[in-house]
Amino acid sequence: MREPFRTSFLSTSVAAGPDEVWWVLVGDDEPGVEGPGAMLPDRRLVSDWQAGSPVRLTAGGTDVFGTVLRATAPHRLTYTLGAPLPDGVDATVIVTWEVLPAGDGSVIMLSIDDLCPDGNDDLRDAWAHVLAEVGSRLEVLAPPVPDPRRGPDRA
């Protein structure tokens, strides 16, 4: 690993359970079958999400590559990205998604290890946008959580 690197931490709470969050992160394909992650609009994130497998992100007509480091459905997904070649070597970022059950929903924690920091927050801001998109997708998928302070006829 290159030194120094910079880690950013982001999180959000959602009304969806861990299984729904996992689907938004990796898609709903059968295990072992390459399928796109559902989280990125106008981008395609492809892997079979098994440890050691390749990851490919296509955005704006450009491909970058990485490797799945850990995938424990539906709670933890870690992969590298940013490598210029499909072998995943020389990746520039390590992405870790953790999904924790919380009440009637989940807390999504995202950490980004920027292996080539340049002093600005562009990478952190880009991943903050991805996390917001994941949250937005889950709002559409998950029914609203009723407010327990209200009566049953006041949803």
*Of Pro86, His75, Val21, which is farthest along the charge dipole of the stretch 6-141 in the positive direction, counting Lys and Arg as +1 and Asp and Glu as -1 at C-beta?*
His75
_Please list 3J(HN,Hα) in residue order for the stretch 76-88, calculated via the Karplus relation 6.51 cos²θ - 1.76 cosθ + 1.60 where θ = phi - 60°; whole Hz, with x for glycine and proline._
8, 9, 10, 8, 9, 8, x, 6, x, 10, x, 6, x
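How much of the accessible area of the stretch 6-141, probe 1.4 Å, is carbon plus sulfur, in whole percent?
C and S fraction of accessible area: 51 percent.
The values are calculated or read from the model by the stated rules, or taken from the named source; none is laboratory data. Just so you know, these numbers come straight off a predicted model, no measurement behind them. No Cβ is skipped: glycine too gets one built from the backbone with ideal geometry, and neighbour counts run over all protein chains shown. When the accessible area is computed, the model is the full protein with side chains, heavy atoms only, and any ligands, DNA or RNA have been set aside. Shrake-Rupley method; radii C 1.70, N 1.55, O 1.52, S 1.80 Å.
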